[in-house]
Amino acid sequence: LLIPVPLPTTTVGFDCEAGFANWEAGWSDAKKTYCCKEVGRVCARPTEPPTPPPQQPFDCAAGWANWEAGWSDAKKVWCCQSQGKGCSQHPGPGLSPRSCLIWGDPHIDAFDAPAHADFFFEGEVWIVKSSSVHIQARYRATPFTNGLAATKTLAIGGPFMDGHVFKVGPMETGTILFDDVPVLGDFPSIFDLAGVGTASYNGEGRLVDNAQSSLKRHIVHVDLREGVHIQIMRWSHHINVRITMPPAIGGQDGHCGDFDGDAGDDTTVQILSRVGNSISQADCLFHRCAPATPMKQLSLDDCSPEKRRPAKDVCEDARPGITGRDLNACIFDVCFAGGRYAAQDADY
């Protein structure tokens, strides 16, 4: 008898190199199975979850019905700038942009005119502090101020600067830095602040008194987000500053005052009671923020009549028509720091 012999089974082979560049669309299921099993190629991959949308820092729909009382200042700022929600929370409703002036030893005319403050110490201080805008100053005595402090350097940073810091110091004892790199070395010149604004350096600027137009001026103009414009007059050993901006969303404070429309709450004592006279190292825009060093408290009463009369003449010659608080501030500067301040104080 013939015993049947089973026929050998044949395995259909595939060329796993042919068409590999387009295997997902071009290969049959049988070829995919074969090549995965025999040579370990084109095995099914685990399905990857879809990439989630980028995480937003705040949900501007959450709590919208009670946003004025329930949202943090940071959320109000972000939602206003990114989605146009929460923008009406504004200190001093209806206030338009105003200027804060910083000059001399130093004297400050706050945003809420006619508020005025004088400071008698060395150290690093808040000029404007809001959730977004951070402006700080360094007060230091100069060789010409007989121990009185003047504004030595202005530093601009905060969230509205995207982490960048711009600093301006005086002509002879300072420099202009962007992230600690010297910029605006030519006069005149323009510099782009990494997309957050521009800085220009020239001799243009509004004078308080056109009689001072003969002064050689070196002025840094800084145009930034949120409507902030800063004009910095560079003198040999100090700077004068004009900051123009609208009130910050969520409020602000600093030596320029709280910009709430009330001039009665921005005296020297009131400002210091709110913001103190120093900056924590964590918030410092300088390499180091030291504790304030108190200086001798002086007033016009400390200026003898023999000095006061000629100081008044110098101020009135430099700034015809000057009266009141501005005249007293000028007399103070001339009496204790010298006649050069009468002309320089006029140019801010």
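The values are calculated or read from the model by the stated rules, or taken from the named source; none is laboratory data. Quick caveat: nothing in here was measured; it's all calculated off a predicted structure. Ligands, DNA and RNA are stripped out before the accessible areas are found, and what is left, the full protein with its side chains, is counted by its heavy atoms. Shrake-Rupley method; radii C 1.70, N 1.55, O 1.52, S 1.80 Å.
Observations
- What a 1.4 Å probe finds exposed on segment 253-315 is 52% carbon and sulfur by accessible area, rounded to a whole percent.
- Bridging of K76 to lysines at a Cα separation below 27 Å is possible for K85, K129, once same-chain residues fewer than 8 apart are set aside.
- Dimensionless Rg over Rh [segment 249-312; C-alpha; Kirkwood]: 1.12
- Calculated on alpha-carbon atoms, Rg and Dmax of segment 155-280 in Å: 15.9, 43
- Under-5 Å amide H pairs with V165, H placed in peptide plane, nonlocal only: D179
- Rounded accessible area of F187 (nearest 10 Å², 1.4 Å probe): 90
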